[in-house]
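**Q** Handing you a structure now.
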Amino acid sequence: MRYTHLAASVAALHATSALQLDHAFAFAPAPAVGRSRALSLKVPTGTSFLSEETIERAKTGNPIEKLKLAKDGTSAFTDVYEIAKAIRAGTLTWEEVEKNDMDQRLKWVGLLHRGKRTPGRFMMRLRTPNGIVTAEQMRFYAECVEPYGPEIGVVDITTRQNIQLRGVALEDADKIIDGLHVRNQTSFQSALDNVRNMVGSPLAGIDPAELVDTRPYCDALNDWYTIDSATGARGNPKWGNLPRKFNIAISGSRDDYAHTHINDIGLVPVAHKETGAMGFNVVLGGYMSIKRVAASIPMDLWLPAEVEHSVQLCDAILRIFRDEGARGDRQKARLMWLVEEYGVEKFREAVLAEMAKNGAKLATLAQRAQPEPETLFERRELLGVHAQPNPALVRVGVHVPVGRLSADECRTLAKLADEYSAGELRLTVEQNIILPNVPVERVDALLAEPALNAGRFSVYPGHIIGHTVSCTGAQFCGLALVETKNNADAVARKLEALVEVPRPLRIHWTGCPNSCGQVQVADIGIMGAPAKKFNEAEGKDKAVPGCDLFVGGKIGEHAFLSLEPYKKGIPLDHDDLVPELVKIIVSKFGGRKKEGTKPLA
Ligand code: SRM
Ligand code: SF4
């Protein structure tokens, strides 16, 4: 049986499901904003906001454009309730859900069908603005994934300081969404043609070298993007039909922990040369993909550090991108292509005109980019124990191997946060955790906790293990050429045992050229790729899982993307890969073989 999209029956179903929640998920009272979408007969869709001209281009556009015109992605805001309810009632199975809803439109509520690896099960991508989560939210994540078992019921910290829940069955999705909404979080509009998690500084508000506290910016931008201003509900049709994904990052210090250079919009904090007022230089168009990897380019605009201005800026850029961005070739649809089509100066003019139309003050718009500081600055470490402005408090960075958490581990982190950091946890784009505001007199007790010594977590994991990042890879991702997370963790441990390095060594793994694991920013990047190896039994070379290696990416001030592979087609077998990596670590990063290990081949 196929389900039908009848808004009235959806409304009835939703009303019932809100009343008949079982006790699988614990709920708190609903907050005033960010509640789940109230259903009505006539709701605007993403396409309702497009001009005739844009719709015409979409009609002859790529298959995703046609799919969105046939039925809007925003339909998922309500369909998810209908589908979940029907599956629970036994009147629908997941196999009967319309294929484009299953594999594409449900992405508008953050549900990504992992059809190739775990048919019928979803990854649910959340939005955690500035990467801040509470102990209570951590426990909720554990509760959500636990029923799916330890193999697929896991939680990942992502490279956008965000959370993904795994193993999710459709019949539970509506309850998880409601559970997130009452906790003032959402999974809405987190995948496909939507703006991703707002990335900020993981040290916001606790940093002696802070230039801007990024928290209010990330929160305001998250709400601007996901809350429908007409209804106050999560799910904003105004941005329901963009031409492509879109990334926004706000840096809070000279460290650029948010990676502004690889985001479509990056706000880089810098003081005004004459007035000394704090503000942001705006950079545009950074992105990574199979076909092209590009660092951001300066927009030559400085905005005073006011939340209102940053929302006006993003609103203007996103409106232009929504209506004018390419709807044909998806490989040429990211913001950079539109900026290049305009030319930076003309694009700047168009954005400022739009901001002025929306009420931005002219004095705000008149400023050109301000000079960035030239004094030496070393990007600071996030793991370990570090001072905060208040001498009575410290931050403690905890390594979470390749960002993967079991349900039990989520609860362990929640307990640590409750006991030592007033229930707060910070996520980093390196897929780790920071416990903020730990009282100095409690640090020894925290460092002695069994969870930080006997399990997978640690505060001092070592220069290599502690700085290994990995995308999802073949365990769950259908685009992956290789398995990444297990390999990344195992190889890091082997390298740590073999070599000493004088500083943290950032090794990033990514399972395919989409580069979700950002290999181009890494000291050493490992990207899944074809390789061949001599097969003894057959007496000839045979295709094996392999990788290309990238060397020399830089982050922070003067960031640099390593665009060309340093070496291609290395078999992923650790006997082949590890010696290659040791050679690179010794020759390029001042590494030294440890005593008692075999000499290099
Ligand atoms: Fe990504 C597509 C996972 C950060 C570039 N990314 C995917 C999909 C959705 C593909 C799929 O359907 O399976 C992956 C889901 C796998 C899964 O089951 O988790 C996926 N991307 C991830 C995550 C989870 C990697 C991780 O383990 O941390 C990251 C989630 C971030 C988040 O919380 O939203 C993730 N992806 C990135 C980044 C890094 C960043 O944002 O700094 C990039 C490069 C930056 C960028 O986007 O410019 C990135 N992902 C892509 C691309 C290439 C984009 C393009 O313009 O072509 C794709 C493919 C696409 O969009 O067509 C992609
Ligand atoms: Fe999947 Fe490729 Fe992204 Fe890794 S880089 S999560 S393999 S799309």
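The values are calculated or read from the model by the stated rules, or taken from the named source; none is laboratory data. None of the values given here were measured: they were computed from a predicted structure. Please note: Cβ atoms are built from the backbone with ideal geometry, for glycine as well, and neighbour counts cover all protein chains shown. Heads up: the accessible areas ignore ligands, DNA and RNA and are worked out on the full protein's heavy atoms, side chains in. Shrake-Rupley method; radii C 1.70, N 1.55, O 1.52, S 1.80 Å.
**Q** Is it the case that some residue within the range 281-289 is within 19 Å of residue 335 (Cα to Cα), out of contact with any strand residue (DSSP E or B) (no Cβ under 7 Å at 6 or more places or on another chain) and at pLDDT 95 or above?
**A** Step one: filter the range 281-289 for residues within 19 Å of residue 335 (Cα to Cα), giving 281-289.
Of the ones still in play, those that are also out of contact with any strand residue (DSSP E or B) (no Cβ under 7 Å at 6 or more places or on another chain) are 288-289.
Still in the list and also at pLDDT 95 or above: 288-289.
Yes, the range 281-289 contains at least one residue that is within 19 Å of residue 335 (Cα to Cα), out of contact with any strand residue (DSSP E or B) (no Cβ under 7 Å at 6 or more places or on another chain) and at pLDDT 95 or above.
**Q** Answer yes or no as to whether residue 55 is buried (at least 21 other Cβ atoms within 10 Å of the Cβ) and more than 17 Å from residue 190 (Cβ to Cβ).
**A** Details: buried (at least 21 other Cβ atoms within 10 Å of the Cβ): no; more than 17 Å from residue 190 (Cβ to Cβ): yes.
The answer is no for residue 55.
**Q** What are the pairs, 6+ residues apart or on separate chains, where a residue within the range 114-133 that is aromatic (Phe, Trp, Tyr) and modelled with pLDDT of 95 or more has its Cβ under 9 Å from a residue that is more than 10 Å from ligand 1 (Cβ to nearest atom) and part of a strand (DSSP E or B)?
**A** 122/111; 122/165; 122/167; 122/168; 122/169
**Q** Show the residue pairs that are 6+ apart or on different chains and have beta-carbon atoms under 7 Å apart, the first residue being within the range 474-487 and more than 16 Å from residue 151 (Cα to Cα) and open to solvent by 30 Å² or more (accessible area, probe 1.4 Å), the second being near ligand 2 (Cβ under 8 Å from one of its atoms) and modelled with pLDDT of 95 or more.
**A** From residues that are more than 16 Å from residue 151 (Cα to Cα) and open to solvent by 30 Å² or more (accessible area, probe 1.4 Å), the pairs are 479/512; 479/514; 481/511; 481/512; 481/528.
**Q** Only residues that are open to solvent by less than 10 Å² (accessible area, probe 1.4 Å), small (Gly, Ala, Ser) and within 27 Å of residue 247 (Cβ to Cβ): list them for the range 115-155, please.
**A** 131
**Q** Of everything in the range 244-254, what is open to solvent by less than 10 Å² (accessible area, probe 1.4 Å) and out of contact with any helix residue (DSSP H, G or I) (no Cβ under 8 Å at 6 or more places or on another chain)? Give them in sequence order.
**A** Within the range 244-254, 252, 253 qualify.
**Q** Sticking with this one: Among the numbered criteria (1) hydrophobic (A, V, I, L, M, F, W, C); (2) within 15 Å of residue 569 (Cα to Cα); (3) in a loop (DSSP other than H, G, I, E, B); (4) away from ligand 2 (no atom under 16 Å from the Cβ), which one does residue 537 miss?
**A** (2)
**Q** On the given criteria, is residue 158 β-branched (Val, Ile, Thr), on the phi < 0 side of the Ramachandran plot, open to solvent by 10 Å² or more (accessible area, probe 1.4 Å) and within 15 Å of ligand 1 (Cβ to nearest atom)?
**A** yes
**Q** Hey, another quick one. Taking into account only those residues within the range 365-401 that are within 17 Å of residue 444 (Cβ to Cβ) and of a type in the set (A, V, I, L, M), which is surrounded by the fewest Cβ atoms within 10 Å (Cβ to Cβ)?
**A** Across the range 365-401, the extreme among qualifying residues is 392.
**Q** Condition first: surrounded by fewer than 23 Cβ atoms within 10 Å (Cβ to Cβ) and not acidic (Asp, Glu). Now tell me which residues in the range 289-300 satisfy that. Reasoning before the result, please.
**A** First, the residues of the range 289-300 that are surrounded by fewer than 23 Cβ atoms within 10 Å (Cβ to Cβ): 289-295, 297-298, 300.
Selection gives 289, 290, 291, 292, 293, 294, 295, 297, 298.
**Q** Filter the range 187-226 down to residues that are more than 14 Å from the chain's Cα centre (by Cα), over 22 Å from residue 333 (Cα atoms) and among the hydroxyl-bearing types (Ser, Thr, Tyr), then give me how many there are.
**A** 2
**Q** Check the range 183-201 and report whether any residue there is buried (at least 24 other Cβ atoms within 10 Å of the Cβ), farther than 30 Å from residue 266 by Cα and in contact with a helix residue (DSSP H, G or I) (Cβ under 6 Å, 6 or more places away or on another chain).
**A** no
**Q** On to the next question. Out of the residues in the range 80-100 meeting the condition of being under 28 Å from the mean Cα position of the chain (by Cα) and surrounded by fewer than 24 Cβ atoms within 10 Å (Cβ to Cβ), tell me which one is nearest to residue 245 (Cα to Cα).
**A** Ranking the candidates gives 100 first.
**Q** Could you tell me which of the residues 301, 352 is modelled with pLDDT of 95 or more and part of a strand (DSSP E or B)?
**A** Criteria check complete, one pass: 301.
**Q** Would you check if residue 488 is part of a loop (DSSP other than H, G, I, E, B) and either within 16 Å of ligand 2 (Cβ to nearest atom) or not aliphatic (A, V, I, L, M) (or both)? So that I can check it myself, show each step before the final result.
**A** Details: part of a loop (DSSP other than H, G, I, E, B): no; either within 16 Å of ligand 2 (Cβ to nearest atom) or not aliphatic (A, V, I, L, M) (or both): yes.
No; evaluated as a whole, the condition is false for this residue.
**Q** Scanning the range 304-340 for residues that are charged (D, E, K, R), in a loop (DSSP other than H, G, I, E, B) and open to solvent by less than 30 Å² (accessible area, probe 1.4 Å), which turns out farthest from residue 267 (Cα to Cα)? Don't jump to the end; show me each part of the working.
**A** Taking the range 304-340 first, the residues charged (D, E, K, R) are 306, 308, 315, 319, 322-324, 327, 329-330, 332, 334, 340.
Right, trim to in a loop (DSSP other than H, G, I, E, B) and you get 306, 327, 329, 334.
Add one more test, that the residue is open to solvent by less than 30 Å² (accessible area, probe 1.4 Å), and what stays is 327, 334.
Numbers: 327: 27, 334: 18 Å.
Here the answer is 327.
**Q** Just to be sure, is residue 257 under 26 Å from residue 435 (Cα atoms), aromatic (Phe, Trp, Tyr), touching a residue at least 12 places away in the same chain (Cβ under 8 Å) and crowded, with 24+ Cβ neighbours inside 10 Å? First the steps, then the outcome.
**A** On the way: under 26 Å from residue 435 (Cα atoms): yes; aromatic (Phe, Trp, Tyr): yes; touching a residue at least 12 places away in the same chain (Cβ under 8 Å): yes; crowded, with 24+ Cβ neighbours inside 10 Å: yes.
Yes; evaluated as a whole, the condition is true for this residue.
**Q** Which residue is nearest to the chain's Cα centre (by Cα), if the candidates are limited to the range 457-515 and must be among the aliphatic types (A, V, I, L, M) and within 15 Å of ligand 1 (Cβ to nearest atom)? Explain how you work it out, then say what you get.
**A** Of the range 457-515, the ones among the aliphatic types (A, V, I, L, M) are 459, 464-465, 469, 474, 479-482, 488, 490-492, 495, 497-499, 501, 505, 507.
Then drop every residue that is not within 15 Å of ligand 1 (Cβ to nearest atom), which leaves 469, 474, 479-482, 488, 507.
Values: 469: 13, 474: 18, 479: 17, 480: 17, 481: 21, 482: 21, 488: 19, 507: 18 Å.
Per the criteria, the residue is 469.
**Q** From the list 525, 462, which residue is at pLDDT 95 or above, small (Gly, Ala, Ser) and part of a strand (DSSP E or B)?
**A** Details: 462 fails: part of a strand (DSSP E or B).
Just a single option satisfies the conditions, and that option is 525.
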